[in-house]
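Okay, so here's the structure we're looking at.
Each reported figure results from applying straightforward, stated rules to the coordinates on display, with no laboratory input. This is a predicted model, so every value here is computed, not measured. Glycine also receives a Cβ, built like all others from the backbone with ideal geometry; neighbour counts cover every protein chain displayed.
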Amino acid sequence: MLNYKQLHHFWTVARAGGIVRAAERSGLAPQTLSGQIATLETDLGVSLFKRQGRGLVLTETGRMVLDYAEEIFRLGSELEEALQSRATGRAVPFRVGIADVVPKAIAWLLLAPSMDLPEPMRIVCREGKFDALLGELAIHKLDVVLADSPLPPNMDVRGYSHALGESTIGFYAAPALAARLNGPFPARLDGAPLLLPGTEASVRGPLLRWFEAAGLRPRIVGEFDDGALMRAFAEAGAGILPSASMVGEQLCRQAGMIHLGDADGVTETYYAISVERRLTHPAVRAISEAATAKQKFG
């Protein structure tokens, strides 16, 4: 049976980058740590470290074991935190990273199921660049990241992408601007002022290809990394807003915008990215299960 105390010593040494530094941080003698790891290697029948110069580096098997150890001790810490919160009646923290290309209204729709759980939940939202949020996810500062694309294959982050749903893309304009556009859709978009998501938005490429295939050349008057800022410009009449149809009714009802039509064949998919394949955080499970029950948005 796996000795978790020895595994913890291995985890400590691997994270510290060496036995001496691990000993300084843990207060244990280097000989104790070295002996515990040697026993673990013997029990497992594998080598976890190899010598490189005057130091130690992980073997390929050691890196695999470290991945599992990271998840084991992260879950242990999460369990301890959840039990302490329940015992004291405190809300369980739910730390969410939201890529800045995800519209705020969509982030709310995706996260709403986590607010209806029987146990008290305290949601902590961090917005930022996708890559930076993935870095925080990797070191367990976040429980999940919401994005408009799955985990990139070239990212040095161990994680899993859970599709939450997809939406068609529609075009919306302030009433005064919509009144100036002549002809039927989509021809009325030709030469019209268009607001475009920034280069990091996954829907940007499909939208530009859709315009090209339709023979349309709108005037791009603005590009935005922040979806909320792009919406503010659209509400002021600066240009046409491409937006997920799942929030189209809200745009028309609350912001008074006019739905011009949809980009046929262009969709945007939203993902919850976690460091675990099997979701354990109750709030992450809630948003994933709600998305599964409602397979398609928009």
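Brief remarks on what is shown
- With the convex hull constructed from alpha-carbon coordinates only, the stretch 4-82 shows a mean projected area of 5.2 nm² over all directions.
- Relative to the dominant Cα principal axis of the chain, helix 4-16 is inclined by about 70°.
- As a rough guide to protection, the peptides 121-133, 8-20, 45-57 ranked by mean Cβ packing within 10 Å, highest first, stand as 8-20, 121-133, 45-57.
- Couplings for the stretch 203-214, taken from phi via the Karplus curve 6.51 cos²θ - 1.76 cosθ + 1.60 with θ = phi - 60°, read 7, 4, x, x, 5, 5, 5, 5, 4, 5, 5, 7 Hz in order; Gly and Pro are left as x.
- Relative contact order, whole percent, for the chain stands at 21, derived from Cα pairs under 8 Å and 6 or more residues apart.
- One Cα centroid belongs to the stretch 99-175, the other to the stretch 243-284; the line between them spans 11 Å.
- Positive contributions from Lys and Arg (+1) and negative ones from Asp and Glu (-1), summed over other residues with Cβ under 14 Å from the Cβ of ARG180, come out at +1.
- Contact order relative to length of the stretch 87-190, as percent, for alpha carbon pairs under 8 angstrom and 6 or more apart: 29
- Estimated FRET transfer efficiency when R0 is 30 angstrom, pair MET115-ALA232 (beta carbons, to 0.05): 0.70
- Each DSSP beta bridge with both residues in the chain is either parallel or antiparallel, and the antiparallel ones are about 60%.
- Close lysine pairs were tallied over the chain: pairs 8 or more places apart or on different chains with Cα atoms under 25 Å apart number 7.
- Its DSSP H runs of at least 4 residues, each contributing -39,500 (n - 2.57), put the calculated 222 nm mean residue ellipticity of the chain at -13000 deg cm²/dmol, to the nearest 500.
- Based on C-alpha pairs under 8 angstrom that are at least 6 apart in sequence, the stretch 4-82 has a relative contact order of 27 percent.
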